[in-house]
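The values are calculated or read from the model by the stated rules, or taken from the named source; none is laboratory data. This is a predicted model, so every value here is computed, not measured. No Cβ is skipped: glycine too gets one built from the backbone with ideal geometry, and neighbour counts run over all protein chains shown. Each accessible area value is taken on the protein alone, full model and side chains, heavy atoms only, with ligands, DNA and RNA left out. Shrake-Rupley method; radii C 1.70, N 1.55, O 1.52, S 1.80 Å.
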Amino acid sequence: MGHHHSQSVEHGHGHHHHSNNKKALLASFLIISTFMVVEVIGGFMTNSLALLSDAGHMLSDAAALGLSYTAIRLGERKATPSKSYGYKRFEIIAACLNGLTLIVISVFIFIEAIKRFVDPPEVQSLGMLMISIIGLLVNIIAAWILMSGDKEDNLNVRSAFLHVIGDMLGSVGAIAAALLIYFFDWGIADPIASVIVAFLIIISGFRVARDSFHILMEGTPDQVDMDEVKASLLELVSVSEVQDLHIWTITSGFLTMSCHVVIDASGNHDSVLAEAQKLLHDQFGIEHSTIQVERQDIGCPNPHDTCN
């Protein structure tokens, strides 16, 4: 049985992304947390649901960014006998919590907006407009900072980025509502803006929660085709069967695979193992693979005969 974990130049590249992720998350957390207090106070002073919903989302942003930063720091801890992969999976748990938080906040905004449709309150549009514009600028800065992180491949950074983008949309909605209230005295614009923002937020939350849940259920990564992996392994010299194939994700960018490879009489255990691991790494980006090599004439060594 063979085991492989690449520690080549990509380790340095990954470490660079890892460092950027930490800095981006911490800087964004400090900026968002500071302005969140301003927006909460402004929301109550102006009696604007659009501002308060944006402030509520900004609160979830702060929690999400803080949780994401904590997750990466925890992920740095070394593996132990009781946790053989360390705390790397906590990153995905954090992303899942972030996604679920977005959905819950959206539901509360919907409920409050319905009440305001029935009885639109007086809203101080100028104060609402000023705070919304500052909020938009703050979110643009936070989003720009997070773009320096690995938001495409790191689910945790991506979930935090989506929080900020959703909040940015919230600020845009609040600005539009403030202008409509100021120029046309259209008080219903406030709950309308809130509903639009809540709808956009709930979509983002659902996507993040779905992706993280898929990883927690050890689902096959979207970027990997199981059939293609199996077909490629079968093309190796001396390989006659590939059994018990599993591919899953420990955390963002950490693909893991295990399988049984059956070789004929002419096959060499070490050569086939080396070729298989190189193929998995180079062609599919699977850094961590455990391969059990079996001879065809001996058969599956599993006492329960569960090779498939």
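When you check Glu241 against the structure, is it open to solvent by 20 Å² or more (accessible area, probe 1.4 Å), in contact with an Asp or Glu (Cβ under 9 Å, 6 or more places away or on another chain) and at pLDDT 90 or above, yes or no?
Taking the combined requirement at face value, the residue satisfies it.
What about Phe110, is it surrounded by 14 or more Cβ atoms within 10 Å (Cβ to Cβ), modelled with pLDDT under 85 and of a type in the set (A, V, I, L, M, F, W, C)? No. For the range 239-273, the set of residues classified as free of Cβ contacts under 8 Å to residues at least 60 places away in the same chain, under 30 Å from Gly75 (Cα atoms) and among the hydrophobic types (A, V, I, L, M, F, W, C) consists of Leu245, Ile247, Trp248, Leu255, Met257, Cys259, listed by residue number. On the given criteria, is Glu218 under 26 Å from the mean Cα position of the chain (by Cα), open to solvent by 20 Å² or more (accessible area, probe 1.4 Å) and on the phi > 0 side of the Ramachandran plot? It is true that Glu218 is under 26 Å from the mean Cα position of the chain (by Cα), open to solvent by 20 Å² or more (accessible area, probe 1.4 Å) and on the phi > 0 side of the Ramachandran plot. Those residues that are at pLDDT 80 or above and under 17 Å from the mean Cα position of the chain (by Cα), I need them from the range 26-61; list them, please. Within the range 26-61, Leu26, Ser28, Phe29 qualify.
Whether a residue is open to solvent by less than 50 Å² (accessible area, probe 1.4 Å) and touching a His at 6+ places or on another chain (Cβ under 6 Å) was assessed, and Asp54 does not pass this test. Any residue in the range 90-111 that is in a loop (DSSP other than H, G, I, E, B) and within 18 Å of the chain's Cα centre (by Cα)? Looking through the range 90-111, none of the residues is in a loop (DSSP other than H, G, I, E, B) and within 18 Å of the chain's Cα centre (by Cα). Of all residues in the range 68-79, those that are over 19 Å from Ser28 (Cα atoms) have Cβ atoms under 7 Å from Cβ atoms of residues that are open to solvent by 50 Å² or more (accessible area, probe 1.4 Å) and not in a helix (DSSP H, G or I), 6 or more apart or on another chain, in Gly75/Tyr87; Gly75/Lys88; Arg77/Tyr87; Ala79/Tyr85.
Could you list all residues from the range 154-177 that are modelled with pLDDT under 80 and closer than 17 Å to Lys23 by Cβ? Once the filter is applied, which keeps residues that are modelled with pLDDT under 80 and closer than 17 Å to Lys23 by Cβ, the range 154-177 yields Asn154, Asn156, Val157, Arg158, Ala160.
Out of all the residues in the range 227-238, which are open to solvent by less than 60 Å² (accessible area, probe 1.4 Å) and either more than 15 Å from Ile286 (Cα to Cα) or hydrophobic (A, V, I, L, M, F, W, C) (or both)?
Residues satisfying the conditions are Val229, Ala231, Leu233, Leu236, Ser238.
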